Amino acid sequence: VSNRRQDLGAALWQLGDLVRADEQRRSFRAKAYRRAVWSLDDLSSDLDDPPHVMRAVRGIGPGIIRLIEEFRQTGRIGDLDRLSSLYPRDVARLRRLPRMTAETLRQLKAELGVETGSDLIDAVGSGGDETLRGVGPATAEKWERVLRLAPTAEATPAFDAQVLAGDLSRHLERHLSGEAFATGAVRRLDEWVDRIDLVWVTEDFDHARVFRTETAVARPVSVSNGPGPLCLATHGGVPVAVHLARLRERGLNLLVTTGPPSHAGFIVGEWHGEAQTETELYQARGLGWVPPPARQLPLASSLGVIRSSDLRGDLHVHTEWSPDGRMSLQAMLAEAVARDYEYVLVTDHTTGLRFGGMDGNALIRQHETIEAARLRFPDLVILHGAELNADREGNLDVDDESLGILDLAVVGLHSHFDLDRDEQTARVLRALGHPSVRVLAHPTGRRIGIRPAIDLDLDEVIAGAIEHDVALEVNGHRDRLDLSAPLAAHAVRAGALLALNSDAHRVGELRNIDNAVGTGQKAGVGAGSVINTLPWSGLVEWLKRQPRT
Ligand SMILES: [Zn+2]
Ligand SMILES: [Zn+2]
């Protein structure tokens, strides 16, 4: 079963991926194609709406209308044919690999016949990478490591799955009556997702079933209308299961589809009634609600995990003073107040970054700006920090005199990811020893599906962090989640303190801190192990523990 609108959706989706790889930067065209896919359900399924009707649909501009015309007349899109003959089929995944360029992607396809990640692993394994210009064995080996970190070739990184689940939920809510919730692996904050699960709360199951077969944003996987979820696949190939639930069954559906089965099975037990909320079900067991990421823990440890409401502030936030920052200090502070924070640490990038950052003079200028802002936000403690870079040897990229004006600093590694374990560990330990440094940002540097972790003796780093009163970050950026849950659990067992941070570069990203909290929950971490659950008075005490020279 498919209709024209669905076929066009698939074509525009793929075209977006191809254009993004081809243009090798933030591509407005790619964005427009992707946005158009989400708008196609506002058109008729035959795409025969008159132009003035099309133009009135948000996301459908003149360029998209021309493509629709072309597609209606020829059944094809010329640009798509041209680009898909040049690039591997799985370009969306492959383009994110370390040092991957458009030219390399084209070469991989033309010279080695690479279409997918497993093709690339095979090509690398057979030494085929030597035929690629400008690709050394170290890079090829990194590709392989990143690809092999995925549990299966089909798994989707949490980052993409969260975005897709959010887009799909909003899409359903716009076109159907009711409310959508992401559950399953996305809600549990798994790093890799095999399937996106959504609970669709509605009283109109028939409408939802029809919509499933007609929507342009995904394809129905089977047409059976029996019990069980509605199964679809996104045009990128990600399986989606939409679980239909009436409002009075919502809680039960959320619990069961979030899993894992052992936890859900225990909580549901012999329950036969209805439950609009999960809380009712936990209460029936005499328990408090357990946050989804903690549900794979033994029940006893899941009950005491940290909650978002335990946080008193964020210790890693960028503003426009960073080259990649996209929010003003003012906007960030307003959001921090809206989130009810007691304090926030401003941590813009310093000079050692590949694309530049603030030097000592800039820090002094920023200090004045922050002092002015303190007058406008009297109820918020605005801490002046920076995200310093450690060079190859672990020296900081700002002189001590300039560092003296900061309240505390975060240090991160943004270069030399390939040092061997001894060098890398020594480098981190040296940086941790600097008295201004109180948080180690994204300690392993891994980016899920994009970049492997650096080679580090984590036990030595944990010992160094404890010795120097440095908190290890759990970075909530969706493709980092770094420390990961297992490493965060390990660090806490060893006695280290964590800092759960957003690393936000734009206002909307301040909520990434929830991913850091979720990672802490998955790790079974309690609020007492997290430095930014301290009230301001407590944080001050902690800061005093390492007097600056
Ligand atoms: Zn960083
Ligand atoms: Zn940062």
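The values are calculated or read from the model by the stated rules, or taken from the named source; none is laboratory data. Bear in mind that the values here come from a model prediction, so they are computed numbers and not experimental data. Cβ: placed from backbone, ideal geometry, glycine included. Neighbour counts: every protein chain shown. Side chains are part of the model used for accessible areas, which takes the heavy atoms of the whole protein and leaves out ligands, DNA and RNA. Shrake-Rupley method; radii C 1.70, N 1.55, O 1.52, S 1.80 Å.
General remarks:
- Selection from segment 418-450 of residues that are open to solvent by 50 Å² or more (accessible area, probe 1.4 Å) and within 18 Å of L149 (Cα to Cα): D418, R447
- Of all residues in segment 346-367, those that are in a helix (DSSP H, G or I) have Cβ atoms under 6 Å from Cβ atoms of residues that are open to solvent by 50 Å² or more (accessible area, probe 1.4 Å) and of a type in the set (F, W, Y), 6 or more apart or on another chain, in Q366/W321.
- Residues considered: L510, L456, L497. Of these, the only one that is open to solvent by 40 Å² or more (accessible area, probe 1.4 Å) and touching a Ser or Thr at 6+ places or on another chain (Cβ under 7 Å) is L497.
- Qualifying helices (runs of 4 or more DSSP H) (wholly inside segment 391-484; at least 3 residues being closer than 29 Å to Q521 by Cβ and within 16 Å of ligand 1 (Cβ to nearest atom)): 421-432
- The condition (being surrounded by 15 or more Cβ atoms within 10 Å (Cβ to Cβ) and modelled with pLDDT of 95 or more) is satisfied by just one residue among A338, A362: A362.
- Residue match in segment 209-219 (condition: outside any loop (DSSP other than H, G, I, E, B), open to solvent by 30 Å² or more (accessible area, probe 1.4 Å), aliphatic (A, V, I, L, M) and under 26 Å from L8 (Cβ atoms)): yes
- Residue that is modelled with the highest pLDDT [pool: residues in segment 107-166 that are assigned to a helix (DSSP H, G or I) and of a type in the set (V, I, T)]: V163
- Residue within segment 295-315 that is under 22 Å from the mean Cα position of the chain (by Cα), open to solvent by less than 40 Å² (accessible area, probe 1.4 Å) and within 16 Å of ligand 1 (Cβ to nearest atom) present: yes
- Evaluation of V507 against the conditions (1) modelled with pLDDT of 95 or more; (2) more than 16 Å from ligand 2 (Cβ to nearest atom) shows that the sole unmet condition is (2).
- Of the candidates G166, G136, G184, G125, the single residue that is open to solvent by less than 40 Å² (accessible area, probe 1.4 Å), among the small types (G, A, S) and over 25 Å from the mean Cα position of the chain (by Cα) is G136.
- For segment 306-320, a residue qualifies if it is closer than 20 Å to A523 by Cα and among the polar types (S, T, N, Q), and the qualifying residues are S308, S309.
- Segments classed as helices (runs of 4 or more DSSP H), wholly inside segment 20-94, with at least 1 members that are open to solvent by 60 Å² or more (accessible area, probe 1.4 Å) and of a type outside the set (S, T, N, Q): 28-39, 51-55, 62-74, 78-86
- When A489 is tested against (1) surrounded by 19 or more Cβ atoms within 10 Å (Cβ to Cβ); (2) hydrophobic (A, V, I, L, M, F, W, C); (3) touching a residue at least 40 places away in the same chain (Cβ under 8 Å); (4) more than 14 Å from ligand 2 (Cβ to nearest atom), exactly one condition is not met: (3).
- Meets criteria (surrounded by fewer than 20 Cβ atoms within 10 Å (Cβ to Cβ) and at positive phi) for D469: yes
- Some residue of segment 409-426 being within 16 Å of ligand 2 (Cβ to nearest atom), touching an Asp or Glu at 6+ places or on another chain (Cβ under 7 Å) and touching a residue at least 60 places away in the same chain (Cβ under 8 Å): yes
- Test for A499: is it within 15 Å of ligand 1 (Cβ to nearest atom), touching a residue at least 40 places away in the same chain (Cβ under 8 Å) and within 13 Å of the chain's Cα centre (by Cα): no
- D482 vs. criteria within 16 Å of ligand 2 (Cβ to nearest atom), of a type outside the set (S, T, Y), open to solvent by less than 10 Å² (accessible area, probe 1.4 Å) and at positive phi: no
- Applying the set (1) in contact (Cβ under 8 Å) with a residue 60 or more places away in the chain; (2) farther than 30 Å from E103 by Cβ to D79 leaves exactly one unmet item: (2).
- One residue stands out among those in segment 258-274 that are modelled with pLDDT of 95 or more and in contact with a helix residue (DSSP H, G or I) (Cβ under 6 Å, 6 or more places away or on another chain): the one that is surrounded by the most Cβ atoms within 10 Å (Cβ to Cβ), which is T258.
- Per-region count, segment 368-380, residues surrounded by fewer than 19 Cβ atoms within 10 Å (Cβ to Cβ) and outside any helix (DSSP H, G or I): 3
- Note on segment 316-357: among residues that are of a type in the set (G, A, S) and farther than 22 Å from D399 by Cβ, the one that is nearest to ligand 2 (Cβ to nearest atom) is G325.
This table checks each residue for (1) farther than 23 Å from V186 by Cβ; (2) in contact with a Leu (Cβ under 7 Å, 6 or more places away or on another chain); (3) at pLDDT 95 or above.
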site: E278; (1), (2), (3): no, yes, yes
site: L297; (1), (2), (3): no, no, yes
site: A300; (1), (2), (3): yes, no, no
site: I306; (1), (2), (3): no, no, yes
site: H318; (1), (2), (3): yes, no, yes
site: D324; (1), (2), (3): yes, no, no
site: L333; (1), (2), (3): yes, yes, yes
